[in-house]
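Visitor: Sharing a structure below in structure tokens format, with a few things to ask.
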Amino acid sequence: MHQPEGYNFKIVLHQKVIYVEESSRQIKRLVFAFVLLVLTSVGATFWGVKTQQNDALIINLAGRQRMLVQLMVRLAVGEQGNGAASEMLVDAENTFEQTLTALEHGGSTSTYQIIMF
């Protein structure tokens, strides 16, 4: 069987001959499209990870706020003239206020720094 002009590959599949055209221009386009797809995927992944890091920080601080509210209630109910519990209550209130301000307006807490976008 004669190979048509412009076709560079001959593939035999189940005793049928198939001719495939190889064009360096088509291959370059496919490689460029693949590289562009990979770079877009990598960029989207980095952007997603960066966004999730900030979300994780906010969720962590919200959990700390919940814990501080529970601690303040327990200390306020069980205080009854206990000096150590009173100091812990004041510390918990200060930490709660500092964290609340950082969550609302950005800034830092005793262990975290929040950057508002």
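Visitor: Take PHE46 and decide whether it is under 18 Å from the mean Cα position of the chain (by Cα) and either surrounded by fewer than 10 Cβ atoms within 10 Å (Cβ to Cβ) or at pLDDT 85 or above (or both). If you could, list the steps in order and put the result at the bottom.
Guide: Values: under 18 Å from the mean Cα position of the chain (by Cα): yes; either surrounded by fewer than 10 Cβ atoms within 10 Å (Cβ to Cβ) or at pLDDT 85 or above (or both): yes.
Answer is yes for this residue.
Visitor: Hey, among ASN54, ASN60, which residue is under 21 Å from the mean Cα position of the chain (by Cα) and modelled with pLDDT of 80 or more? Give the steps one after another, and end with the answer.
Guide: Working: ASN54 fails: modelled with pLDDT of 80 or more.
Answer to the selection: ASN60.
Visitor: Right, next: Restricting to region 21-43, name every residue that is modelled with pLDDT of 95 or more and of a type in the set (Ser, Thr, Tyr).
Guide: Those that are modelled with pLDDT of 95 or more and of a type in the set (Ser, Thr, Tyr): THR40, SER41.
The values are calculated or read from the model by the stated rules, or taken from the named source; none is laboratory data. Every value quoted in this text rests on a predicted model; they were computed, and no experiment measured them. So basically every Cβ, Gly included, is an ideal-geometry build from the backbone, and we count neighbours across all protein chains shown.
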